[in-house]
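**Student:** Got a structure for you, written out below as structure tokens; questions coming shortly.
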Amino acid sequence: MTARILVVDDVPANVKLLEARLLAEYFDVLTAGDGHTALSLCETTPVDLVLLDIMMPGIDGFEVCERLKANPRTAHIPVVMVTALDQPSDRVRGLKAGADDFLTKPVNDLQLMSRVKSLVRLKNVSDELRLRAQTAQTIGLQELARQDRPDEPGNILLVDGRGSSQERLQRTLKPIADVSVISDPQAALFEAAENNFDLVIVNANFDDYDPLRLCSQLRSLERTRFIPILLITEQGNDEMIVRALDLGVTDYIIRPVDPNELVARSLTQIRRKHCNDMLRKSVQQTIELAVTDGLTGLHNRRYLDNHLKLLMDRAAARGRPLSICMTDIDRFKHVNDTYGHDVGDEVLREFASRIRSTVRGADLACRFGGEEFVVVMPDTPPEMAAAVAERLRHIIESQPFSIPHADGALVITASMGIAGMKLEGDTAEALLKRADMALYQAKNEGRNRVVAAAA
């Protein structure tokens, strides 16, 4: 794993020490001696993580962090505050400013590297989602920044083996989340898989169970893979912390637990989960948009070009028939010229709706382009496809299109061409060409009819 790390500290010796440690692990390291330089670098240079000192002249680390998180261009960069301050109030203030974690000087090498690698790994996932979402232009940078800090409460699953700590932690978290408490780790695994949680908190206080096993299982299941995990462990248990972060645990907190720090860390994870959920949803919408016609809701030409070959290959392998119907709205240009393109769009939507009502669930209906549509019918010989097309043609002709803003209902007709797949050596391009030629013949013979291509 490689990444670009920005080290910010006004003491050159501290900078050199952290730089040497990071370079030894093959990270690319940038340095800054003050907050203004750090902000400028983050604004102009791709940075994967910031190691930020708190006590600096000019603007301190808290303000630098707040500015980074308030800027849509830099809000997604993880920030780890490296400081000699070791008071819970300082950690809480930093977390409220947007910091992702704290490291206390002198910095423990194992915790430093584990924390850096863990946060870089999380950022890589978030960056990939962010890039896909932005490419599709389904969300903007400002919306991303707002979603990083949603106000809605979260759902937390607390896995804790002791009743006394359960009550205390649940009481602490109640103002920010709905908390479900489970003592049995295996029951907790099923609970996490069956419900939508924003955070799982695992208290490592079991007498006869390794809490890291639960963490590993949560990361291995598809349903729970992306839920943040916060581990509560003992002071000095560095080996467990390092192993936990390597397994994919998102964050940890040391006992005795400071209530304010627990709330701040939990809120950070809930906000990150909400943001990444939004990004994943956007990516799913991107996929749907890529294969769906926005006007009619049918699959588009791109999807047809890719999926028709697969359907034909499957039909050939099984020795089953496959037919397609290519249909075109008759004199559609006259509709646009007479009533306007908004009415033309309504006609296309209603036409697509009637196609949906006619074809089977196994059939593939697509908008081919303009006023042309294609229906792919697996397991259907041409004569049966022609019967389906005739039924569709009748439904279109016999029921006038009631279009808002049009002067009365419109009588619409359609011409249709049918072609069946040849069992040997046929291609998607050839099949579509034969259907297109049959459609052309239907147009030439007077429109509003179904013509099947010669076998």
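The values are calculated or read from the model by the stated rules, or taken from the named source; none is laboratory data. Owing to the predicted nature of the structure, the values given are computational and were not obtained by experimental measurement. No Cβ is skipped: glycine too gets one built from the backbone with ideal geometry, and neighbour counts run over all protein chains shown. Surface areas here come from the heavy atoms of the whole protein model, side chains and all, with no ligands, DNA or RNA. Shrake-Rupley method; radii C 1.70, N 1.55, O 1.52, S 1.80 Å.
**Student:** What nm value, rounded to one decimal, do you get for the distance between A70 and R391 when each label is placed 7 Å out toward the C-beta?
**Tutor:** About 6.5 nm separates the two model spin labels.
**Student:** Ignoring everything except DSSP H segments at least 4 long, calculate the 222 nm mean residue ellipticity for the chain; use -39,500 (n - 2.57) per segment, divide by total residues, nearest 500.
**Tutor:** For the chain, the value works out to -16000 deg cm²/dmol.
**Student:** Just to confirm the number: angle between the C-alpha axis of helix 428-444 and the first principal axis of the chain, 0 to 90 degrees, nearest 10?
**Tutor:** The angle comes out at about 40 degrees.
**Student:** Relative contact order for the range 1-143: what is it in percent, counting Cα pairs under 8 Å that are at least 6 residues apart?
**Tutor:** Relative contact order of the range 1-143: 20 percent.
**Student:** Please provide three numbers in whole Å: the alpha-carbon extents of the chain along the principal axes, with the largest listed first.
**Tutor:** So the three principal-axis extents are 88, 51, 47 Å.
**Student:** Give me the accessible area per residue for the chain, probe 1.4 Å, as a whole number in Å².
**Tutor:** With all protein chains present, the chain gives 48 Å² per residue.
**Student:** Next up: Only bridges with both residues in the chain count here: give the DSSP antiparallel percent, nearest 5.
**Tutor:** 35 percent
**Student:** Take the cross-link list K281/K333; K16/K96; K174/K281; K69/K105; K309/K333; K309/K433 and give me the ones stretching past 26 Å between alpha-carbons.
**Tutor:** Too far apart for the 26 Å limit: K281/K333; K16/K96; K174/K281; K309/K333.
**Student:** Now for a separate question. Once you order the gyration tensor axes a ≥ b ≥ c over the Cα atoms, which shape class does the range 163-227 get: rounded for a/c under 1.5, otherwise prolate or oblate by comparing a/b with b/c?
**Tutor:** oblate
**Student:** How do V375, V450 rank by accessible surface area computed with a 1.4 Å probe, from largest to smallest?
**Tutor:** Putting V375, V450 in descending order of accessible area: V450, V375.
**Student:** Another question about this same structure. When the dipole is taken about the Cα centre of the chain, and only Lys, Arg (+1) and Asp, Glu (-1) are charged at their Cβ, what size is it in debye, to the nearest 20?
**Tutor:** Around 980 debye, computed over the chain.
**Student:** Additional query: In degrees, nearest 10, range 0 to 90: what is the angle between the Cα axis of helix 35-44 and the longest Cα principal axis of the chain?
**Tutor:** Relative to the chain, helix 35-44 is tipped by roughly 20 degrees.
**Student:** Pop a pseudo-label 7 angstrom from the Cα along the beta-carbon direction at both N237 and E383 and give the gap in nm to one decimal.
**Tutor:** Modelled inter-label distance: 7.6 nm.
**Student:** Quick one: in the range 301-452, what % of C-alpha pairs are over 27 Å apart?
**Tutor:** Cα-Cα pairs of the range 301-452 separated by over 27 Å account for 21 percent.
**Student:** I need the calculated FRET efficiency for the pair L23 and K333, taking r as the beta carbon distance and R₀ as 51 Å, to the nearest 0.05.
**Tutor:** 0.15
**Student:** For the peptides 231-239, 304-312, what is the packing order when you average, over each peptide's residues, the other Cβ atoms within 10 Å and list the highest mean first?
**Tutor:** 304-312, 231-239
**Student:** Using the per-residue mean of other Cβ atoms lying within 10 Å as a proxy for protection, in what order, highest first, do the peptides 164-172, 93-101 fall?
**Tutor:** For the peptides 164-172, 93-101, the packing ranking is 93-101, 164-172.
**Student:** Where a ≥ b ≥ c are the square roots of the eigenvalues of the C-alpha gyration tensor, would you call the range 1-143 rounded, which needs a/c under 1.5, or, failing that, prolate if a/b is larger than b/c, or oblate?
**Tutor:** prolate
**Student:** Percent of accessible area on the range 209-299 owned by carbon and sulfur, 1.4 Å probe?
**Tutor:** C and S fraction of accessible area: 52 percent.
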